[in-house]
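Only one structure is covered here, and it is reproduced in the block below.
Read the figures in this text as sums done on the coordinates, not as results from a lab. Only a predicted model underlies this, so the values are computations on that prediction, with no experimental measurement involved. Backbone-built Cβ (ideal geometry, glycine too); neighbour counts: all protein chains shown.
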Amino acid sequence: MASAKKFGWIEFLTGFAAGSVVSILFTRKDLKNDLTNLQKKAEEIKNQLFSKAKNISSDLTERSQRFIESSKKFAEGKYAGTIESLEKEYYSIKYAINTAIDNYRRNSKIITSEQSEEDDLFIDFDDETLPKFAGMGRRKR
């Protein structure tokens, strides 16, 4: 009869250590791949955000420049449109800015869990220091 060799603690610990080393090496490789993929996705998201910010900025700059030119013409008495069309330009810019700010706030709440008491993105369009135009208020019909 052949004698059966018992499986001992030394063999068990050696096998456990070898398995652990192999597992760590594979996990490390997977983590490195995951980190590389995560970095690529973060770069893509950053580029998309910069692109959107540039588009919003360009749009608002163009709208503001048109409004400024129209306002100058209005002040000089050379404006071909009506005060209502000038008012529409103003409210269009106001709406676009507030929408951009609201989107920023909504998205920043998703990204960060903390909300600061002070918010540097507040524009008070009813501020008395902003220029007022005759007829800029809503007219009752």
Original post:
Magnitude of the Cβ-charge dipole of the range 41-110, K/R +1 and D/E -1, about the Cα centre, nearest 20 debye?
Top reply: 260
Original post:
What residues have an amide H closer than 5 Å to that of TYR79, excluding those fewer than 5 places away on the same chain, when H is modeled at 1.01 Å from N in the peptide plane?
Top reply: PHE74
Subject >> Within-13-Å neighbourhood charge of ASP34 [Cβ basis; K, R +1; D, E -1] >> reply: +4
**OP:** May I ask for log10 I(q)/I(0) of the range 41-110 at q = 0.18, 0.28 Å⁻¹, from a Debye sum over the Cα atoms as equal point scatterers with solvent left out?
**Re:** -0.76, -1.21
Subject >> Out-of-range pairs (alpha-carbon distance over 25 Å; input LYS73/LYS94; LYS52/LYS78; LYS52/LYS73; LYS40/LYS109; LYS72/LYS94; LYS54/LYS94) >> reply: LYS52/LYS78; LYS52/LYS73
Original post:
Using just the C-alpha positions of the range 1-85 as equal point scatterers, what log10 of I(q)/I(0) does the Debye formula give at each q in 0.13, 0.15, 0.19, 0.21 1/Å?
Top reply: -0.75, -0.82, -0.94, -1.00
Original post:
What is the percent of Cα-Cα separations in the range 27-71 that go past 14 Å?
Top reply: 67
**OP:** For SER85 and SER51, compute 0.36 nm times the residue count separating them, minus their Cα-Cα distance, and round to one decimal in nm.
**Re:** 9.2 nm
Subject >> Using θ = phi - 60° and Karplus 6.51 cos²θ - 1.76 cosθ + 1.60, couplings along the range 77-85 (whole Hz; Gly, Pro as x) >> reply: x, 10, 6, 7, x, 9, 5, 5, 5
Subject >> Dipole moment magnitude, nearest 20 debye, the range 1-74 about Cα centre, only Lys, Arg, Asp, Glu C-beta charged >> reply: 200
Original post:
Where in the range 88-109 is the amide nitrogen less than 19 Å from a point lying 7 Å along the Cα-to-Cβ axis of THR61?
Top reply: 93-94, 96-98, 100-101
